[in-house]
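> Can you keep this structure in mind? I'll have questions shortly.
The values are calculated or read from the model by the stated rules, or taken from the named source; none is laboratory data. All values derive from a computational prediction rather than experimental measurement. Note: ideal-geometry Cβ built from the backbone for every residue, glycine included; neighbour counts use all protein chains shown. Note: accessible area is taken over every heavy atom of the protein model, side chains too, but ligands, DNA and RNA are not part of it. Shrake-Rupley method; radii C 1.70, N 1.55, O 1.52, S 1.80 Å.
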Amino acid sequence: MNRCRAHVAAMGVSLLALVTAGAVVLAASPSAAQVVTLGSGHPARPHHPSPSHFTKGRVTNPWFPLHPGARYTYRGTDHKAHTRDVMIATYRTRVVDGVTCRVVFDRVWSNGRLSERTRDFYAQTKGGTVWYFGERRATLDRHGHVKSREGSFTSGVNGAEAGVFMKAHPRVGPSYYQEFYRHHALDVFTVLRRGAHVNVPLMNTHHALLTKETTALEPGVVDHKYYVRDIGSVRELTVKGGSESLWLVGLTHMPRH
């Protein structure tokens, strides 16, 4: 599930307010499955609360808000390819493992060609923690045909478990599985810093949340992600084991049809 403005001097007027008002905020100008042994250094296997502890599809955590109609556009690079990633928090919900989740569409283009499409399922507890309940992922060949669905999982199916995607009050130190499907989906995140500096086309702020993501499926790869309150993910880059980089360049609102 990992996808790697002018200066905003006063964050009091948030992009969220512009998005929900229907305004457009545009930018200037960026495996195969394997057998895995989980050692003692990994966090405990996740077990999500009962469905009664969750909201009915509302995800309002300030570090990862999914307001229906929000459309995030990212640009970046993956080795020598230029990438574009569009993530849409849809108006749709889906019940996964007994929990009503917000459906998110995510599409990735590489050098202008659609290379991946995903449906992600997120839900939030009444206390504010966001859980990730699965993804339906497809990577495409140059003709648009599905060549792999590796990485797809659904909480409650074949031993897969939902994972913690963002705590209600994230703090430095603890690690959590964002997803748990042995041999297929094992992303782990750790908060490294609060008050981190991030500079992307839409903003320049010293109040970001910096996280580290790793997976036992690719033990040599480390990704960093930056989150900004009331917006969500604004920057992603591979700092070890790769050269992927992604940054937020546009945030718009799509009205309900």
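> Would you call ARG171 under 24 Å from THR60 (Cα atoms), part of a loop (DSSP other than H, G, I, E, B) and open to solvent by 40 Å² or more (accessible area, probe 1.4 Å)?
Judged against the criteria, ARG171 is a match.
> Is it the case that the range 176-190 has a residue that's farther than 19 Å from TYR132 by Cα, open to solvent by 30 Å² or more (accessible area, probe 1.4 Å) and either out of contact with any Cys (no Cβ under 6 Å at 6 or more places or on another chain) or part of a loop (DSSP other than H, G, I, E, B) (or both)?
No: zero hits.
> Can you tell me which of (1) closer than 24 Å to LEU251 by Cα; (2) open to solvent by less than 40 Å² (accessible area, probe 1.4 Å); (3) of a type outside the set (Lys, Arg); (4) assigned to a loop (DSSP other than H, G, I, E, B) is the one ASP230 doesn't meet?
(2)
> Being polar (S, T, N, Q) and either on the phi > 0 side of the Ramachandran plot or buried (at least 21 other Cβ atoms within 10 Å of the Cβ) (or both) is the filter here; which residues of the range 93-114 pass it?
Listed by number, the list holds a single entry, ASN111.
> Tell me, please, whether a residue that is within 19 Å of the chain's Cα centre (by Cα), over 26 Å from TYR91 (Cβ atoms), surrounded by 13 or more Cβ atoms within 10 Å (Cβ to Cβ) and of a type in the set (D, E, K, R) can be found in the range 130-151.
For the range 130-151, residues within 19 Å of the chain's Cα centre (by Cα), over 26 Å from TYR91 (Cβ atoms), surrounded by 13 or more Cβ atoms within 10 Å (Cβ to Cβ) and of a type in the set (D, E, K, R): present.
> Please go through the range 216-257 and pick out each residue that is among the β-branched types (Val, Ile, Thr) and closer than 21 Å to VAL108 by Cα.
Once the filter is applied, which keeps residues that are among the β-branched types (Val, Ile, Thr) and closer than 21 Å to VAL108 by Cα, the range 216-257 yields VAL221, VAL222, ILE231, VAL234, THR238, VAL239, VAL249, THR252.
> Would you be able to tell me the number of residues in the range 51-96 that are farther than 23 Å from HIS253 by Cβ, of a type outside the set (Ser, Thr, Tyr) and in contact with a Pro (Cβ under 8 Å, 6 or more places away or on another chain)?
Looking only at that region, the number is 0.
> Hey, can you tell me all the residues within the range 59-71 that are open to solvent by less than 10 Å² (accessible area, probe 1.4 Å) and either within 21 Å of ARG256 (Cβ to Cβ) or of a type in the set (Asp, Glu) (or both)?
VAL59, PRO65, LEU66, GLY69, ALA70
> Just the residues that are surrounded by fewer than 20 Cβ atoms within 10 Å (Cβ to Cβ) and farther than 23 Å from THR211 by Cα, please, taken from the range 153-168.
Answer for the range 153-168, where residues must be surrounded by fewer than 20 Cβ atoms within 10 Å (Cβ to Cβ) and farther than 23 Å from THR211 by Cα: THR154, GLY156, VAL157, ASN158, GLY159.
> Output yes when any residue across the range 78-87 is open to solvent by 20 Å² or more (accessible area, probe 1.4 Å), in a strand (DSSP E or B) and at pLDDT below 95, and no when none is.
Yes, the conditions are met somewhere in the range 78-87.
> I would also like to ask the following. What number of residues in the range 191-214 are part of a loop (DSSP other than H, G, I, E, B) and either open to solvent by 20 Å² or more (accessible area, probe 1.4 Å) or closer than 16 Å to HIS224 by Cα (or both)?
Final tally of qualifying residues: 1.
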